[in-house]
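First comes the structure, then the notes that go with it.
The values are calculated or read from the model by the stated rules, or taken from the named source; none is laboratory data. What you are looking at is a predicted structure, and each value in this text was computed from that prediction instead of being measured. In this analysis, Cβ positions are derived from the backbone assuming ideal geometry, glycine residues included, and neighbour counts consider all displayed protein chains.
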């Protein structure tokens, strides 16, 4: 993962975000895909369809102001906008916001590895906050990468960083992998 960026990266991040948000807003918006929409798709195909605005995206992203930016096999990249609604009483971003953004990147990275008819759920989430996100930080990225994906367990790691490369947190997950019970 590239966390060596230049200050001009924020402009690139904002431009990329605007493009993705326009596609998402042109689609069905937040919600849950119907079983018939995803029954034949693997996890990567589902995530790519979501990014194209063909499937709904998770409502939590709208609630907490973050966006799926990119996916590939075993990888998911989210971008978030820390704001006043996410502050703790000390005036920095609440740790729960960090954890949710990281959990989303981790889970979606695992999701990209699922075969049609397979699903996962988080069994363990470990988050290490290493630096406070203060009021001058405009955007944050969470990049999740799968370490292992087997028949019953998947593990992944993620990093939360700013456009200047500052590391704010890192996390790991263990997910249970299972067959979905789809109507049919």
Worksheet item: What number of residues within segment 103-156 are closer than 30 Å to residue 84 by Cβ and within 16 Å of the chain's Cα centre (by Cα)?
Response: 17
Item to complete: Inspect segment 130-142 for any residue being touching a helix residue (DSSP H, G or I) at 6+ places or on another chain (Cβ under 9 Å) and under 17 Å from residue 50 (Cβ atoms) and give the result as yes or no.
Response: yes
Practice prompt. Go through segment 22-67 and tell me which helices (runs of 4 or more DSSP H), entirely inside it, have 2 or more residues that are within 18 Å of the chain's Cα centre (by Cα).
Written response: 43-51, 59-64
Item to complete: Could you pull out every one of the strands (runs of 3 or more DSSP E) wholly within segment 97-184 that has 2 or more residues that are buried (at least 22 other Cβ atoms within 10 Å of the Cβ), without any contact (Cβ under 8 Å) to a residue 40 or more places away in the chain and touching a strand residue (DSSP E or B) at 6+ places or on another chain (Cβ under 9 Å)?
Response: none
Discussion item. Just checking, does segment 71-92 include any residue being touching a residue at least 12 places away in the same chain (Cβ under 8 Å), surrounded by fewer than 18 Cβ atoms within 10 Å (Cβ to Cβ) and assigned to a helix (DSSP H, G or I)?
Written reply: yes
Practice prompt. Assess whether residue 80 counts as being over 13 Å from residue 43 (Cβ atoms) and under 13 Å from the mean Cα position of the chain (by Cα).
Written response: yes
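May I ask you to verify whether residue 55 is surrounded by 15 or more Cβ atoms within 10 Å (Cβ to Cβ), modelled with pLDDT of 95 or more and within 22 Å of residue 179 (Cβ to Cβ)?
Values: surrounded by 15 or more Cβ atoms within 10 Å (Cβ to Cβ): yes; modelled with pLDDT of 95 or more: yes; within 22 Å of residue 179 (Cβ to Cβ): yes.
Yes.
Collect the residues in segment 4-21 that are farther than 27 Å from residue 115 by Cβ and assigned to a helix (DSSP H, G or I), keeping them in residue-number order. Can you show your working first?
Let us first name the residues in segment 4-21 that are farther than 27 Å from residue 115 by Cβ, namely 4-19, 21.
Within segment 4-21, 9, 10, 11, 12, 13, 14, 15, 16, 17, 18, 19, 21 qualify.
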Practice prompt. Can you tell me which residue within segment 1-23, out of those that are in contact with a helix residue (DSSP H, G or I) (Cβ under 9 Å, 6 or more places away or on another chain) and at pLDDT 95 or above, is farthest from residue 71 (Cα to Cα)?
Written response: 23
